[in-house]
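Student: Have a look at this one before I ask anything.
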Amino acid sequence: MASVVALDSLLDSRRVWRGQPQARRTSRQPTGFAALDAQLPSGGWPESALSELLLPMDGIGELRLLWPTLARLSQAGDASSDEKVVLIAPPYLPFASAWANAGVRLDKLQIVLAQPRDVLWATEQCLRSAACAAVLCWPLQADDRALRRLQVAAETGQCLGFAMRDAKAAANPSPAALRIVIDTAPAQLRVIKCRGGNPPTQPIPLSALAR
């Protein structure tokens, strides 16, 4: 009968190889919220990728979640820079003062008004163009194939893509690199998919997102 050997003694005698813990990667695209960055494998938004924000309704904090990143990106270059922040088919006309107060340069902000059937096409063109720092879209419908095209376009254009979708879509698989559900009762974020690691097991209260 084989004898039981303590793991510590095997490690001390160097009879078992123990790998070094993998260093945490530092993202070049932090979210601006320490509590959220700490839960994401890269420490921020996945770079050159599509992220989904899944919402039960519009206006429950999705823009507040993105404003720190959009403000940083819009301030990164001068007014003549081609890298813009583009909003495609937002459900409401953006309130300029709120965006300016959040630190987003309005001269770097562009709004594309598109018919529902054209939203995905317009988003793909902007992501692929290499002329945008970030592209936000509000598609009414998007299947796996359409989302995969957006993911590839974000990689090609080295752009941050954000798709605001109905929370019901959380039940379906998606090629997006990151998927976050925003709940209202209780007010919290749930990361249900993240590239480079397992999603956190616990939700993040919105009250914890203090900058």
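Student: Looking for something at pLDDT 95 or above, basic (K, R) and out of contact with any Cys (no Cβ under 6 Å at 6 or more places or on another chain) - is there at least one such residue anywhere in the range 177-187?
Tutor: yes
Student: Please count how many residues of the range 194-206 are surrounded by fewer than 18 Cβ atoms within 10 Å (Cβ to Cβ) and in contact with a strand residue (DSSP E or B) (Cβ under 7 Å, 6 or more places away or on another chain).
Tutor: Matching residues across the range 194-206 total 5.
Quick grid of which residues meet (1) surrounded by 16 or more Cβ atoms within 10 Å (Cβ to Cβ); (2) touching a residue at least 60 places away in the same chain (Cβ under 8 Å); (3) within 25 Å of R145 (Cα to Cα):
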{"site": "A38", "(1), (2), (3)": "no, no, no"}
{"site": "D58", "(1), (2), (3)": "no, yes, yes"}
{"site": "W67", "(1), (2), (3)": "yes, no, no"}
{"site": "A76", "(1), (2), (3)": "no, no, no"}
{"site": "V85", "(1), (2), (3)": "yes, no, yes"}
{"site": "P94", "(1), (2), (3)": "no, no, no"}
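Student: Select from the range 181-191 the residues that are touching a residue at least 40 places away in the same chain (Cβ under 8 Å) and closer than 17 Å to A169 by Cα and write down the one among them that is surrounded by the fewest Cβ atoms within 10 Å (Cβ to Cβ).
Tutor: T184
Student: Taking the range 30-55, which residues are in a helix (DSSP H, G or I) and over 11 Å from the mean Cα position of the chain (by Cα)?
Tutor: A34, A35
Student: Need the failing condition index for E124 against (1) of a type in the set (D, E); (2) part of a helix (DSSP H, G or I); (3) surrounded by fewer than 17 Cβ atoms within 10 Å (Cβ to Cβ), just the number.
Tutor: For E124, the failing item is (3).
Student: May I ask you to list the residues in the range 20-32 that are modelled with pLDDT of 95 or more and in contact with a strand residue (DSSP E or B) (Cβ under 9 Å, 6 or more places away or on another chain)?
Tutor: none
Student: Residues that are of a type in the set (S, T, N, Q), more than 20 Å from E62 (Cα to Cα) and out of contact with any helix residue (DSSP H, G or I) (no Cβ under 6 Å at 6 or more places or on another chain): does the range 94-113 have at least one?
Tutor: no
Student: If you don't mind, there's one more thing I want to ask. In the list L150, L120, which residue meets the criterion of being in contact with an Asp or Glu (Cβ under 8 Å, 6 or more places away or on another chain) and within 18 Å of L87 (Cβ to Cβ)?
Tutor: L150
This table checks each residue for (1) touching a residue at least 24 places away in the same chain (Cβ under 8 Å); (2) in a strand (DSSP E or B); (3) not hydrophobic (A, V, I, L, M, F, W, C).
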{"site": "A114", "(1), (2), (3)": "yes, no, no"}
{"site": "L136", "(1), (2), (3)": "yes, yes, no"}
{"site": "P139", "(1), (2), (3)": "yes, no, yes"}
{"site": "L147", "(1), (2), (3)": "yes, no, no"}
{"site": "A153", "(1), (2), (3)": "yes, no, no"}
{"site": "R179", "(1), (2), (3)": "yes, yes, yes"}
{"site": "P200", "(1), (2), (3)": "yes, no, yes"}
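Student: Follow-up. Going through the range 132-154 one residue at a time, which ones are crowded, with 17+ Cβ neighbours inside 10 Å, more than 13 Å from S51 (Cβ to Cβ) and either at pLDDT below 95 or not small (G, A, S) (or both)?
Tutor: Across the range 132-154, the qualifying residues are C132, W138, P139, A142, R149.
Student: Okay, next question. Out of the residues in the range 56-75 that are assigned to a helix (DSSP H, G or I) and charged (D, E, K, R), which is farthest from D166 (Cα to Cα)?
Tutor: R72
The values are calculated or read from the model by the stated rules, or taken from the named source; none is laboratory data. Source: prediction; values computed, not measured. Every residue, glycine among them, receives a Cβ derived from its backbone with ideal geometry; neighbour counts consider all protein chains shown.
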